[in-house]
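Below is one structure; the comments refer to it alone.
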Amino acid sequence: MKMHLGQNASIREYTEKYASVATRNCAIDPQLYDEYGVKRGLRDKNGKGVLAGLTNISDIISSKTENGQSVPCEGELYYRGYDINSLIDGILKDDRFGFEEIAYLLIMGELPDEAELLRFRNVLSELCTLPTNFVRDVVMKAPSGDMMNTLARSVLTLASYDKSAASLEPDNVLRQCLALVSVFPMLAVYGYHAYNHYVCNQSFYIHRPVHGLSVAQNILRMLRPDMKYSDLEAKVLDIALILHMEHGGGNNSTFTTHVVTSSGSDTYSTMAAALCSLKGPRHGGANIKVVEMMADLKKHVKNKSDEEEISAYLQALLHGEAFDRKGLIYGMGHAVYSISDPRATIFKRFVKQLADEKGRKKDFELYSLVERLAPETIAKERRIYKGVSANVDFYSGFVYSMLDIPPELFTPIFAIARIVGWTAHRLEELTNQSKIIRPAYKTVFPTRDYTPLSERK
């Protein structure tokens, strides 16, 4: 029987009444943010981020200077100085899997030669093991449909099995991080199987990862009952993981990694905090929203090729009259990119191939149509400071659904990739840190005289 944390009638009555009191006293006049020059979300009105640190791990380019002025350009993404397109093209040219190679690049700062890559693969394989009875005692206990919570719990529990959990020596932190990179797929997939069995009453099976297979291959092998997958399926998932590995120091979960690391906290706590940040629908959970939104579109749009009907639905989304009524077209727009998200551009090449193999050509055409019409609709309805284009989340959920990956694992797949970037940034923060990260907040409440308890009404 599940434990309900104070979810009885009397507690609900109290919280419903006093939530309004708490939120009323939390409210701040929006005009004060302008008055004090506060960069909400650490970004100005033009979307430019506040410079909070330096990094040599990755770079995101969305504008270039022409005639002394900054103008939007096609989005570019660099890992350790290498254009992401060149890295992907190199992997495709050799017809191989690239997860481990790009992970080495991001963590170590340089591309490996063949011997270094082989040694790195072997180290990851050696680390790809969980403590005795960990699956039984941790993963299978109290299963949850929220895989990100399950993943965070497992990561924190792993600290109990590490006698050097608190050590911040570089070699120890590297060992911990590489171990987590190795076991994240197991923790995520096994956590899903436990939930699927105990909560959804489905069959339960545990497949071990196989030495010599890529991360993408092992994910599909562990996830599927028959352990079978096509080469294209594994290659597309491999590309997805590479594209999600890293995206600068300013994204929410990576910045969380820097913040928690700066406090002197251990690796397990840091990665759990990053996971908790990533799970939000404004961050790693956005692809789920895209899939749900597209399902809702299919229900309410009769003619899936009628541009006017689709545009009307998109307009209803923006007006808060459709889907979740949040006024958003999910998968559109990015905090940095304007003309294009290079990850989405790359991804789209493979989405079409997979859609053809899976017999989902019509779905791909619908996604492509929404991708074209949404920016036009947004431009008509909203005053925006920059262009809007599809981001990587727009297609990733569609890809995962074609790979028969359940929605519960969409964000954990993101985490399996992004922990590589978190590792690089944790090492960078530990190497260069001198101060705890502590931004300033301006207090805007008036001072008050104390009133004795007996005199309060």
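Inside the range 22-62, residues that are among the hydroxyl-bearing types (Ser, Thr, Tyr) and either farther than 28 Å from residue 107 by Cα or out of contact with any Phe, Trp or Tyr (no Cβ under 9 Å at 6 or more places or on another chain) (or both) make up a count of 4. The single residue among 94, 83 that is over 23 Å from residue 423 (Cβ atoms) and at pLDDT 95 or above turns out to be 94. Look at (1) in contact with a helix residue (DSSP H, G or I) (Cβ under 7 Å, 6 or more places away or on another chain); (2) modelled with pLDDT of 95 or more and you find that residue 193 fails only one, number (1). When restricted to residues that are out of contact with any strand residue (DSSP E or B) (no Cβ under 6 Å at 6 or more places or on another chain) and of a type in the set (Ser, Thr, Tyr), the range 79-98 contains 2. Would a scan of the range 202-215 turn up a residue that is part of a helix (DSSP H, G or I), under 30 Å from residue 109 (Cβ atoms) and outside the structural domain of residue 337 (by TED's automatic domain parsing)? Within the range 202-215, one or more residues are part of a helix (DSSP H, G or I), under 30 Å from residue 109 (Cβ atoms) and outside the structural domain of residue 337 (by TED's automatic domain parsing). Inspect all residues belonging to the range 76-93 and state whether any of them is without any contact (Cβ under 8 Å) to a residue 60 or more places away in the chain, of a type in the set (A, V, I, L, M, F, W, C) and more than 25 Å from residue 430 (Cβ to Cβ). Yes, that holds for at least one residue.
For every residue, the table says whether it meets (1) surrounded by 15 or more Cβ atoms within 10 Å (Cβ to Cβ); (2) touching a Cys at 6+ places or on another chain (Cβ under 6 Å); (3) outside the structural domain of residue 363 (by TED's automatic domain parsing).
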site: 257; (1), (2), (3): yes, no, yes
site: 263; (1), (2), (3): no, no, yes
site: 269; (1), (2), (3): yes, no, yes
site: 299; (1), (2), (3): no, no, no
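Kindly check whether there is at least one residue in the range 94-115 that is small (Gly, Ala, Ser), assigned by TED's automatic domain parsing to the domain that holds residue 238 and over 24 Å from the mean Cα position of the chain (by Cα). Scanning the range 94-115 turns up at least one residue that is small (Gly, Ala, Ser), assigned by TED's automatic domain parsing to the domain that holds residue 238 and over 24 Å from the mean Cα position of the chain (by Cα).
For the range 333-360, filtering for residues that are more than 18 Å from residue 404 (Cβ to Cβ) and not aromatic (Phe, Trp, Tyr) leaves 16. Out of (1) outside any helix (DSSP H, G or I); (2) within 30 Å of residue 197 (Cα to Cα); (3) under 24 Å from the mean Cα position of the chain (by Cα), the odd one out for residue 131 is which? Failed condition: (3).
Of the residues making up the range 157-195, just one is within 21 Å of residue 414 (Cβ to Cβ) and either outside any helix (DSSP H, G or I) or free of Cβ contacts under 8 Å to residues at least 40 places away in the same chain (or both), namely 193.
Every listed requirement among (1) small (Gly, Ala, Ser); (2) more than 18 Å from residue 247 (Cβ to Cβ); (3) surrounded by fewer than 21 Cβ atoms within 10 Å (Cβ to Cβ) is met by residue 340 save one, (2).
Selection of the range 316-355 for residues being polar (S, T, N, Q) and touching a Lys or Arg at 6+ places or on another chain (Cβ under 8 Å) yields only 338. Within the range 422-443, being touching a helix residue (DSSP H, G or I) at 6+ places or on another chain (Cβ under 9 Å) and assigned to a helix (DSSP H, G or I) holds for 422, 423, 424, 425, 426, 427, 428, 429, 430, 431. Looking at the range 352-367 only, could you name the residues that are farther than 12 Å from residue 310 by Cα and either in contact (Cβ under 8 Å) with a residue 12 or more places away in the chain or in contact with a strand residue (DSSP E or B) (Cβ under 6 Å, 6 or more places away or on another chain) (or both)? Result: 352, 353, 354, 355, 357, 358, 360, 362, 363, 364, 365.
Listed conditions (1) surrounded by 14 or more Cβ atoms within 10 Å (Cβ to Cβ); (2) within 30 Å of residue 344 (Cα to Cα) are all met by residue 33, apart from (2).
The condition (being surrounded by fewer than 19 Cβ atoms within 10 Å (Cβ to Cβ), part of a loop (DSSP other than H, G, I, E, B) and out of contact with any helix residue (DSSP H, G or I) (no Cβ under 9 Å at 6 or more places or on another chain)) is satisfied by just one residue among 51, 111: 51. A single member of 181, 123, 135 is crowded, with 20+ Cβ neighbours inside 10 Å and under 21 Å from residue 419 (Cβ atoms), and it is 181. Just to be sure, is residue 151 buried (at least 16 other Cβ atoms within 10 Å of the Cβ), hydrophobic (A, V, I, L, M, F, W, C) and over 23 Å from residue 223 (Cα atoms)? In short, no. All told, residue 409 meets the bar of being of a type in the set (A, V, I, L, M), out of contact with any strand residue (DSSP E or B) (no Cβ under 9 Å at 6 or more places or on another chain) and closer than 29 Å to residue 174 by Cβ.
Scanning the range 368-402 for residues being touching a residue at least 60 places away in the same chain (Cβ under 8 Å), over 23 Å from residue 242 (Cβ atoms) and hydrophobic (A, V, I, L, M, F, W, C) gives a total of 5. Taking the stated definitions as given, is residue 419 buried (at least 16 other Cβ atoms within 10 Å of the Cβ), aliphatic (A, V, I, L, M) and outside any helix (DSSP H, G or I)? Taking the combined requirement at face value, the residue does not satisfy it.
Looking only at residues of the range 71-108 that are part of a helix (DSSP H, G or I) and of a type in the set (Gly, Ala, Ser), we find that the one that is surrounded by the most Cβ atoms within 10 Å (Cβ to Cβ) is 103.
The values are calculated or read from the model by the stated rules, or taken from the named source; none is laboratory data. It should be emphasised that the depicted structure is a prediction, and the values quoted were computed from it without experimental measurement. A quick note on method: Cβ atoms are made from the backbone with ideal geometry, for glycine too, and the neighbour counts reach across all protein chains shown.
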